[in-house]
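See structure below.
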Amino acid sequence: MIHHGVDTRRHTPGSGDGGYLLNLGRMTPVKGVAEAIDVAVAAGMPLIIAAKVTEPHEREYFDAEVRPRLGRGVRFVGEVGPDEKVGLLGGALALLNPITWAEPFGLVMIEALASGTPVIATPRGAAREIVDDGVTGFLRRTHDELVDAVGRIHEISRDACRSTVVHRFSTDRMVDGYLDLFTEVVDRTPPVAGHPAPRAPRSDPRARMRRPAIAS
């Protein structure tokens, strides 16, 4: 399994000094936006929601389930660009991500961790591969358990969140995984009659592909 990587040079560590929870993604029921609002309100924490609302089904969900829940510390800012997203992630106390489906991966979770921001999510799909429960965030199933996790977010080290991405989910790590796989495939590919056997490159292409390392 070669996980998706995130550019740790772009997603720099933030301090979480914004004092808010963040829900970031698509405006759809499977992302648990309404559930995130209910959890934040019950926990007495402000919540910022950043999501696009352009497709008909997104507007329908927003109007029916999200718009009536706004206020009481819950703010919707719409779709955000890359720079604003980095700023929102770095300023958040936690990414609140109560997904309701078995998400294949979840790039937003590693983007949050790259910013040093813990993730509070439901243990569905790849969330169990990304979030180390009690170390880089909390995985909880029920509304009450999620509310309790919000109250414990101070237990999570932002440095540990950042370190996890640097070592497991960086773009360098992803490139290493693919290059190792391709080299293995080339090395075990039998020669075809009349054609020379494929050979792995003599020099390590990582040296050409990487930029100078930047401290985490």
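The values are calculated or read from the model by the stated rules, or taken from the named source; none is laboratory data. Remember, it's a predicted structure, so these values are computed and weren't measured experimentally. As a convention, Cβ positions derive from the backbone with ideal geometry for all residues, glycine included, and neighbour counts pool all protein chains shown.
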Original post:
In region 66-88, what residues are in contact with a Leu (Cβ under 8 Å, 6 or more places away or on another chain), in a helix (DSSP H, G or I) and within 21 Å of ARG140 (Cβ to Cβ)?
Top reply: none
Subject >> For THR142: the one exception among (1) in contact (Cβ under 8 Å) with a residue 60 or more places away in the chain; (2) more than 23 Å from GLY19 (Cβ to Cβ) >> reply: (1)
Subject >> Whichever residue in region 98-129 is in a helix (DSSP H, G or I) and without any contact (Cβ under 8 Å) to a residue 40 or more places away in the chain and, among such residues, is surrounded by the fewest Cβ atoms within 10 Å (Cβ to Cβ) >> reply: ARG128
Original post:
Restricting attention to region 48-63, which residues are part of a helix (DSSP H, G or I) and basic (Lys, Arg)?
Top reply: ARG59
Original post:
Hey, any hits in region 16-39 for a residue that's in contact with a helix residue (DSSP H, G or I) (Cβ under 6 Å, 6 or more places away or on another chain), more than 23 Å from VAL150 (Cβ to Cβ) and modelled with pLDDT under 95?
Top reply: no
**OP:** Would you mind finding the one in GLY32, GLY19 that is touching a residue at least 40 places away in the same chain (Cβ under 8 Å) and crowded, with 22+ Cβ neighbours inside 10 Å?
**Re:** GLY32
Subject >> Leading residue by the ranking (nearest to LEU113 (Cα to Cα)) among those in region 1-47 that are in a strand (DSSP E or B) and under 16 Å from the mean Cα position of the chain (by Cα) >> reply: VAL6
Original post:
If we scan region 152-165, do we find a residue that is assigned to a loop (DSSP other than H, G, I, E, B), charged (D, E, K, R) and at pLDDT 75 or above?
Top reply: yes
Original post:
How many residues, within region 71-97, are surrounded by fewer than 16 Cβ atoms within 10 Å (Cβ to Cβ) and within 15 Å of GLU35 (Cβ to Cβ)?
Top reply: 0
